[in-house]
Amino acid sequence: MWLRADRCFRFSAFVDPRARTDLLITNSRSRDDRHLQELEHFGYADLTENDANSKLDEVIAIQQARLDTEKSFIPKLRSVLSPVKVARFFQIDSKLRALLQCDIARSVPLVK
């Protein structure tokens, strides 16, 4: 994504891991770690009804956390980027997330 130098400097606070702000990236990492942990510690072959309910609730909670984080960053990004750049940022993020979800989907078996 191309940014002018002045916008690049303002935008860098969102992507610099040394910045002491509530970063979208930091929030994404903790949420993605939660998602990976949920995938690694779950038996799909012998799923009970209670386990199925818990798993679905956790998946929905993770998706909601991602949405909440994205929604909270829209005003912050709009304050430093044009509306077109903000839309492009979220479009790129969505495409990258889709690629990751495809990789995850290939490795996770269907519930039996």
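Quick one: is Lys71 surrounded by fewer than 14 Cβ atoms within 10 Å (Cβ to Cβ) and part of a helix (DSSP H, G or I)?
For Lys71, the condition - surrounded by fewer than 14 Cβ atoms within 10 Å (Cβ to Cβ) and part of a helix (DSSP H, G or I) - is met.
Among residues belonging to the range 40-55 that are loosely packed, with under 14 Cβ neighbours inside 10 Å, assigned to a helix (DSSP H, G or I) and within 24 Å of the chain's Cα centre (by Cα), point out the one that is modelled with the lowest pLDDT.
Glu40
I'd like to verify a number: residues in the range 74-93 that are surrounded by 11 or more Cβ atoms within 10 Å (Cβ to Cβ) and of a type in the set (Gly, Ala, Ser), how many?
The total comes to 2.
Looking for whichever is touching a helix residue (DSSP H, G or I) at 6+ places or on another chain (Cβ under 6 Å) and of a type outside the set (D, E, K, R) here; the options are Leu77, Leu96, Leu100, Leu67. Which one fits?
Leu77
For the range 83-112, which positions are touching a residue at least 24 places away in the same chain (Cβ under 8 Å) and farther than 18 Å from Asp33 by Cβ?
Scanning the range 83-112 gives Lys85, Arg88, Phe89, Ile92, Pro109, Leu110, Val111, Lys112.
The values are calculated or read from the model by the stated rules, or taken from the named source; none is laboratory data. Just so it is clear, the structure is predicted and the values come from calculations on it, not from any experiment. Note: ideal-geometry Cβ built from the backbone for every residue, glycine included; neighbour counts use all protein chains shown.
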